[in-house]
Amino acid sequence: MPTVKDVIVRKPSDEESRACQSWPIWKCEPSTFDWAYTEKETCLLIEGKVTVSDSKDSVSFGPGDLVIFPEELECTWNVQEPVKKYYNFG
């Protein structure tokens, strides 16, 4: 079972940033909620600040970060600042 240590957070290349801009946009106000990934998600944060945690560890990311969540990850999202992100499943 993957953990938040398996979440990849990095700065995208210019080419990756352009590709992400064709994806749907998801928005969320500050909140905390549990989430289980049934497939891999890749997202590019446009704005906001988030910390994702499991029972042991956490990872934080913000504007300009490319984030890859593994399939079968179970975690808690803590949205500290309103989020706007491009996202893609699969």
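A few remarks follow.
- Those residues of region 69-87 which are assigned to a strand (DSSP E or B) and either charged (D, E, K, R) or without any contact (Cβ under 8 Å) to a residue 60 or more places away in the chain (or both), in sequence order: GLU74, THR76, TRP77, ASN78, VAL79, GLN80, GLU81, PRO82, VAL83, LYS84, LYS85
- On inspection, TRP23 fails the criterion of being assigned to a strand (DSSP E or B) and among the aromatic types (Phe, Trp, Tyr).
- Within region 37-68, the set of residues being part of a loop (DSSP other than H, G, I, E, B), within 23 Å of SER22 (Cβ to Cβ) and of a type in the set (Asp, Glu) comprises GLU39, ASP65.
- Taken together, the residues in region 26-76 that are of a type in the set (Lys, Arg) and closer than 18 Å to ARG10 by Cβ amount to 2.
- Residue in region 4-19 that is among the acidic types (Asp, Glu) and in a loop (DSSP other than H, G, I, E, B) present: no
- No other residue among SER13, SER58, SER17 is without any contact (Cβ under 8 Å) to a residue 12 or more places away in the chain, on the phi < 0 side of the Ramachandran plot and either among the polar types (S, T, N, Q) or crowded, with 16+ Cβ neighbours inside 10 Å (or both) apart from SER13.
Read-outs throughout are calculated quantities, based only on the coordinates presented, and are distinct from any laboratory measurement. Quantities reported herein were computed from a predicted structural model and do not represent experimental measurements. So basically every Cβ, Gly included, is an ideal-geometry build from the backbone, and we count neighbours across all protein chains shown.
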